[in-house]
Amino acid sequence: MPADQPSVADTVRSLVTQRLNLNGYSQDLRPDDNLWSLGMTSLTCLGLMLSIEDTFEIELPEEALKESTFRSINTISAAVESSRK
Amino acid sequence: MSNPTMRSSDLVFAAGAKRPTKADVVIIGNGALGMFLADELVERQVGSVVVVGPSHRDTGASQAAGAMLGCFGETTTESLRTNAARTRFELGISAHDKWPETLRRLDEFAPSDRPLQTTTESHIILNSVGAELDTVNFAAIIDALDQYDKPWKEIDPTDIPGYNPRPESRALRAIHLPTEGAVDARGVLASLERRLRHGGAILLDQTVRRLVGSDEEVTAVELDDGHLIEAGTVVVAAGIHSESLVRTVFDVPDLMPTFPGLGFAMIAKRTGGEPFTSVVRTPNRGFACGLHVVPQGGGLEYYGATNRLVHTISSVTWMADVRFLAQYSMQQLDERAATHEVTKWCSGNRPVTLDGFPLVGWMPLSGLYLMTGTYRDGFHCAPLLAEHVANELQGKSGIIDSIFQPIRKPVATRTVESSIDEYVTHSLAAWFETGAQAAPQMTTSQLTDYYRNMAVQTYEQLGVDYALGPDILWYAQGNLHGARRVARYLRTFKGDGDVDQPTGATTGTGGTR
Ligand SMILES: Cc1cc2nc3c(=O)[nH]c(=O)nc-3n(C[C@H](O)[C@H](O)[C@H](O)COP(=O)(O)OP(=O)(O)OC[C@H]3O[C@@H](n4cnc5c(N)ncnc54)[C@H](O)[C@@H]3O)c2cc1C
């Protein structure tokens with residue numbers, strides 16, 4: 001990957017910030033923070049899932065479509081990485 | 001679009017085996033749609049017919065159906081609001097007219113001396129359990145009966161034979177529909193089997209694993225054990241399994257998704273009290289088909305039914321649904337049902353399309369025909385659809401509107417705003433109907449706000465502008481799989497103008513107005 005391309009985790013962070021309206025919080029958002037505790041709901045998770053798939057042009061496997069996949073930037077990034085393989 | 005007519009080649013049997021290797025028409029699916037089509041084809045003597053489907057019919061809708069022959073009893077405020085919905089509604093009216101002849105054909109093949117038609121009349125009750133939706137749908141039923149000049153009469157609910165609710169759930173209004181009855185679904189399917197065998201059709205107690213062909217045509221089906229049957233025409237009538245079967249040969253991105261509408265009902269033996277002699281039902285209710293009892297003959301009664309759009313096809317029964325049906329049957333229909341003996345648990349999947357309209361017609365691949373998506377009245381419509389499809393297979397003109405063509409954009413019947421309103425109404429109805437309790441200080445308008453907010457947010461998150469029916473919206477909002485299927489499919493039309501607007505068709509199949 002060329003050096004100037006954002007990493008998967010960076011792109012996930014920016015999607016999470018945008019979809020969950022965490023702009024004011026974004027500096028402090030750690031890769032392991034529990035997004036559900038930060039106010040993600042089943043509905044905002046739904047929008048996040050669709051935008052993750054659109055942005056990375058992937059289709060997450062059926063078994064990844066569950067709450068725990070969307071727990072944090074780390075878990076989402078891991079799911080994206082494994083779908084891209 | 002292909003439109004082959006049937007060849008009349010003879011049946012060719014594999015050496016020594018009973019199973020054919022070739023047939024003019026192979027029908028995949030032994031539910032009401034597949035069986036009635038086979039019967040019509042055999043009646044017309046147009047070639048060899050093979051029906052493939054497991055005799056247990058597990059997960060199928062037809063074996064679980066209440067088989068009310070209801071069109072007016074099913075009316076909702078949506079039924080006549082648009083041309084497209086009216087066309088769909090009139091399919092039911094035309095289907096109704098086919099049943100007397102259909103039953104005459106089947107009678108001598110009935111598996112027992114219980115009549116196939118278990119009643120010829122219905123009573124619709126209006127109680128206060130189901131919230132405002134019941135009231136408006138009850139009014140819509142009367143309005144439709146009047147528009148189509150059908151007989152009905154307002155009666156005292158206490159005069160309905162067998163009707164014996166708990167006093168707090170008693171109906172304050174009821175109407176009698178003297179021409180809308182029900183059949184014994186399981187008896188009809190058994191009679192069809194016997195009649196088909198008698199007429200020379202072949203019924204294979206197996207499943208089809210995949211369709212065989214190329215991008216352009218379908219030439220055969222492969223059974224679960226690898227056996228191949230070459231076919232002049234393959235008709236996919238496998239209910240909720242139809243979509244995945246079509247996709248074994250042809251991955252059409254714009255084939256409309258169908259969702260399993262898992263439903264539960266039970267058949268019980270009456271142990272005392274006055275029996276029901278008619279269908280007794282509420283109007284259609286929140287996301288579902290209302291509470292009803294259907295006499296089955298032989299002292300048996302069918303109590304139904306639930307409806308839940310789910311992600312995975314199965315024949316499981318939710319404990320909540322058992323409670324729901326048992327409790328509300330005792331409360332709203334007959335309190336003596338408490339001691340009835342359940343003889344059969346019925347569970348099946350209604351084939352529910354994204355736009356709620358059936359999918360019936362030739363596919364872009366030559367030799368492939370699809371008939372499914374009948375949702376909650378497919379049993380009733382099956383003889384009519386059989387006539388239509390048999391015509392099309394023979395190269396004659398069909399008898400139902402072209403709006404139901406399987407490769408189409410979703411039919412639009414509402415705006416997003418009205419979809420949200422409808423979702424709210426259904427959610428409130430389901431809230432009250434299921435006996436949900438809110439804190440005393442929480443008012444109905446606060447509940448309304450909550451549901452409205454959910455619906456608005458669901459549209460925002462899905463990013464679609466096609467207005468969904470309340471059941472599909474509920475499904476998409478409730479799980480990530482559902483949301484993804486709905487959003488992905490609808491996005492294939494983005495930038496492609498609009499989805500299909502209701503056509504100018506004002507008549508259905510029979511011009512009954
Ligand atoms: C609880 C309940 C109550 C209902 N009540 C009514 C009612 O009162 N009135 C009414 O008109 N409608 C009612 N319906 C709806 C009605 O049952 C359906 O619309 C209709 O029966 C659908 O028929 P079908 O033949 O398309 O599908 P199904 O009945 O589902 O038949 C499909 C068949 O295909 C078979 N199959 C599946 N996969 C394969 C394969 N790979 N190869 C071969 N075979 C396969 C299945 O075993 C099944 O038997 C009800 C439905 C339910 C679930």
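The values are calculated or read from the model by the stated rules, or taken from the named source; none is laboratory data. For clarity, every value in this text was computed on a predicted model and none was experimentally measured. Here Cβ is always computed from backbone atoms with ideal geometry, including for glycine, and neighbour counts include all displayed protein chains. Areas reflect the complete protein model, heavy atoms only, side chains present, ligands, DNA and RNA absent. Shrake-Rupley method; radii C 1.70, N 1.55, O 1.52, S 1.80 Å.
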Roughly how many percent of the accessible protein surface of the stretch B:416-491 is carbon and sulfur, given a 1.4 Å probe and a whole-percent answer?
-> 55 percent
Cα extents of the protein assembly as shown per principal axis, largest first, Å, are 78, 66, 46
A correct Kirkwood calculation over the Cα atoms of the stretch B:416-491 returns a hydrodynamic radius in Å of 12.9 Å
Please give the per residue accessible area of the stretch B:416-491, computed with a probe of 1.4 Å over protein heavy atoms only, in Å².
-> 42 Å²
For the Cα atoms of chain B, what angle does the longest principal axis make with the long axis of helix B:185-199, in degrees from 0 to 90, nearest 10?
-> 20 degrees
Gained length - A:GLU67 relative to A:ARG84, 0.36 nm times residue gap less alpha-carbon distance | 4.1 nm
Would you be so kind as to list the residues of the stretch B:455-469 that have their accessible area lowered by at least 50 Å² in the full protein complex compared with their chain by itself (1.4 Å probe)?
-> B:GLN461
Measuring from its Cα centre, the protein assembly as shown shows a charge dipole (+1 at each Lys and Arg Cβ, -1 at each Asp and Glu Cβ) which, in debye to the nearest 20, is 820 debye
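Full-extension gain between B:GLU216 and B:TYR148, please, as 0.36 nm times their residue separation minus the C-alpha to C-alpha distance.
On the way: separation 68, 0.36 × 68 = 24.48 nm, distance 4.40 nm.
Net length gain for the segment: 20.1 nm.
Hey, with R₀ at 51 Å, roughly what FRET efficiency would B:ALA139 and A:ASP10 work out to, going by the Cβ-Cβ distance, to 0.05?
Values: r = 57 Å, r/R0 = 1.13.
Approximately 0.35, to the nearest 0.05.
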Solvent-accessible area buried by B and A, counting both chains, probe 1.4 angstrom, square angstrom | 1400 Å²
Per the 1/(1 + (r/R0)^6) rule, R0 = 22 Å and r from the Cβ atoms of B:HIS56 and B:ARG197, FRET efficiency to 0.05 is 0.80
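So if each residue of separation counts as 0.36 nm, and I subtract the Cα-Cα distance between B:HIS481 and B:ASP224, what length gain in nm does that give? Could you put the intermediate results ahead of the total?
Working: separation 257, 0.36 × 257 = 92.52 nm, distance 2.75 nm.
Additional length available on full extension: 89.8 nm.
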Let me know the mean shielding of A:43-56 by other chains, meaning the per-residue number of their Cβ atoms within 10 Å of its Cβ.
-> 5
Where labels lie 7 Å past Cα in the beta-carbon direction, separation of B:ARG105 and B:ASN453 in nm = 5.5 nm
In whole Å, largest first, what are the principal axis extents of the Cα atoms in chain B?
-> 73, 59, 43
For an R0 of 25 angstrom, estimate the FRET efficiency from the Cβ-Cβ distance between B:LYS18 and B:TRP318 and round to the nearest 0.05.
-> 0.05
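How would chain A be classified by its alpha-carbon gyration tensor: rounded, prolate or oblate, with rounded meaning a/c under 1.5 and the a/b versus b/c comparison settling the rest? Let's see the in-between values first.
Numbers: a/c = 1.69, a/b = 1.10, b/c = 1.53.
Here chain A falls in the oblate category.
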For the pair B:ARG488 and B:SER112, the simple spin-label estimate (label points 7 Å beyond Cα toward Cβ) gives in nm 4.5 nm
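First obtain the Kirkwood hydrodynamic radius of the stretch B:338-418 from its Cα pairs, then insert it into the Stokes-Einstein equation at 20 °C and 1.002 mPa s, and state the resulting D in µm² per second as a whole number.
Details: Rh = 14.9 Å.
The diffusion coefficient I find is 144 µm²/s.
Counting each DSSP H run of 4 or more residues in chain B as -39500 (n - 2.57), what helix-only mean residue ellipticity at 222 nm follows after dividing by all residues, to the nearest 500 deg cm²/dmol? Walk me through the intermediate numbers first.
Numbers: 11 runs with 163 residues, N = 513.
Helix contribution divided over all residues of chain B: -10500 deg cm²/dmol.
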B:ILE155-B:ARG44 pseudo-label distance in nm [points 7 Å out on the Cα-to-Cβ vector] | 4.0 nm
Straight distance only, please: which lysines reach the Cα of B:LYS396 with their own Cα at less than 30 Å, same-chain residues fewer than 8 apart left out?
-> B:LYS22, B:LYS98, B:LYS409
For A:ASP33, list long-range residues whose amide hydrogen, built 1.01 Å from N in the peptide plane, is under 5 Å from its own amide hydrogen.
-> A:ILE73
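Rounded to the nearest whole Å², what accessible area per residue is found for the stretch B:178-299 with the 1.4 Å probe?
Value returned for the stretch B:178-299: 32 Å² of accessible area per residue.
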